[in-house]
1. Against the conditions (1) over 20 Å from Leu156 (Cα atoms); (2) open to solvent by less than 10 Å² (accessible area, probe 1.4 Å); (3) in contact (Cβ under 8 Å) with a residue 60 or more places away in the chain, where does Ala296 fall short? Just the number, please.
2. Being open to solvent by 50 Å² or more (accessible area, probe 1.4 Å), modelled with pLDDT under 95, among the aliphatic types (A, V, I, L, M) and more than 18 Å from Arg117 (Cα to Cα) is true for just one of Ala185, Ala172. Which residue is that?
3. I need every pair where a residue in the stretch 17-43 that is over 19 Å from Ala57 (Cα atoms) has its Cβ under 6 Å from the Cβ of a residue that is open to solvent by 30 Å² or more (accessible area, probe 1.4 Å) and in a helix (DSSP H, G or I), sequence separation at least 6 or different chains.
4. Looking at Ala357, Ala353, Ala396, which is the one that is modelled with pLDDT of 95 or more and touching a Ser or Thr at 6+ places or on another chain (Cβ under 8 Å)?
5. Would you mind stating whether Ala147 is touching a strand residue (DSSP E or B) at 6+ places or on another chain (Cβ under 6 Å) and either open to solvent by 10 Å² or more (accessible area, probe 1.4 Å) or under 24 Å from Met212 (Cβ atoms) (or both)?
6. Out of Arg4, Arg20, Arg85, I need the residue that is closer than 27 Å to Ala121 by Cα, of a type outside the set (Gly, Ala, Ser) and either at pLDDT below 90 or open to solvent by 30 Å² or more (accessible area, probe 1.4 Å) (or both). Which one?
7. Taking into account only those residues within the stretch 128-144 that are more than 14 Å from Val102 (Cα to Cα) and touching a strand residue (DSSP E or B) at 6+ places or on another chain (Cβ under 6 Å), which is surrounded by the fewest Cβ atoms within 10 Å (Cβ to Cβ)?
8. List pairs: first residue in the stretch 255-268 and within 15 Å of Asp318 (Cβ to Cβ), second residue part of a strand (DSSP E or B) and among the hydroxyl-bearing types (Ser, Thr, Tyr) anywhere in the structure, Cβ distance under 7 angstrom, at least six positions apart or on different chains.
Amino acid sequence: MADRVTVIGWDGSPLTAAARSALAAATLVAGAAHHLALPEVPPTAERVRLGSVDLAARRIAGHRGTAVVLADGDPGFFGVVRTLRAPEHGLEVEVVPAVSAVAAAFARAGMPWDDARIVVAHQRTLRRAVNVCRAHPKVAVLTSPGAGPAELALLLDGVHRTFVICEELGTAREQVSVLTSDRAADHVWRDPNVVIVIGGSPAPGRAPAWLMGDDTPAVRGWALPTAETGGRTGQDTDLRAAHLARLGPRVGDLVWDIGCADGAFAVDAARSGAAVIAVDADPEACARTEAAARRAGVLLQAVPGRAPHVLERLPEPDLVRIGGGGVPVVTACTDRRPERIVAHASTRDEAEAIGAALADGGYTVECRLLQTVGLDPADWSERERTVAFLLCGVRAQRSP
């Protein structure tokens, strides 16, 4: 029984001596059709078309002989190595790597990529991949059929980005195209391809890179005081911190901030790595929010318009913060089924109405009465007092 498998990465260049040696000794070779057609594959070896890696791993584990798996690029980077190393297969894995498709794509574009986010887009993860492209200025997307450049562009509607689309890297049919995202949906793209999505600007005064992907926030802390965010009409800082704590935005999420005011909450959510759409009926509030985002070095989209009507044309949210609008806005949000919704109220009657709307929408409701008192540390006298009802709705899990 096979208990060892050699995984060979292939990037279109001639195979290394180690890879040729492993292939020459193979009695079973698994890979895609273009891998199995390589002249180095022994004619007497059993050939397995690589569809489900789990099925191939079980077949390899039961094979009496020497097994080799061929894969594109670096097989340890979003590749087959993770599945082959699963404990249930009992395989010892040796890897002969090649240049990853992401590294090759950035090389073709002549760009550094230590500051890039890298995501995999399948049909089930496409929306989250798009949210990363909304939130970050440089993203490499490893695509798949049905979740390619055209689909990315369609879901980025209203957000301007530049696409560098690298088709069939390492083959004679390799092609690199550069175009704006609004034109990508007008073309048919060949698989496999990698898309580099570029847009916005990095944080001002970014230091030399020391961490792969986005750097840590330049300013320490969350829910910063309004004076530090440059805002003029921001809500109570402690209430904003409570909103953030209940929502817990993270990379891949899309957050709606309805009633964004000066953008303090929207910027905080964007600093977490989430994509943010900030909505306000006042165009000046949207302008202030965009300015706050530029100062903080984060990307977000500000949409002027009155809720709930403006919400109809927005993409599906994961998290929603409601800064005003009452029950009609709450109901419009529950209809879109985000995972969590937070809102606040200044009176008990208003809180009861919002809580009832969340519950009617199928959400489990939590309510807190928050009271914060600002003190002067010089004499411990009271500076200001804020009282508010905080409501959080968590989408109820459907029974199986």
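1. Failing condition for Ala296: (2).
2. Ala172
3. Qualifying pairs under 6 Å: Glu40/Arg20.
4. Values: Ala353 fails: touching a Ser or Thr at 6+ places or on another chain (Cβ under 8 Å); Ala396 fails: modelled with pLDDT of 95 or more.
Result of the check over Ala357, Ala353, Ala396: Ala357.
5. Here the answer is no, as Ala147 does not meet what is asked.
6. Arg85
7. Looking at the filtered set, the residue picked out is Val132.
8. Matching pairs, first to second residue: none at all.
The values are calculated or read from the model by the stated rules, or taken from the named source; none is laboratory data. These figures come from a predicted structure and were not determined experimentally. Here Cβ is always computed from backbone atoms with ideal geometry, including for glycine, and neighbour counts include all displayed protein chains. We work out accessible area using only protein heavy atoms, side chains counted, and drop any ligands, DNA or RNA first. Shrake-Rupley method; radii C 1.70, N 1.55, O 1.52, S 1.80 Å.
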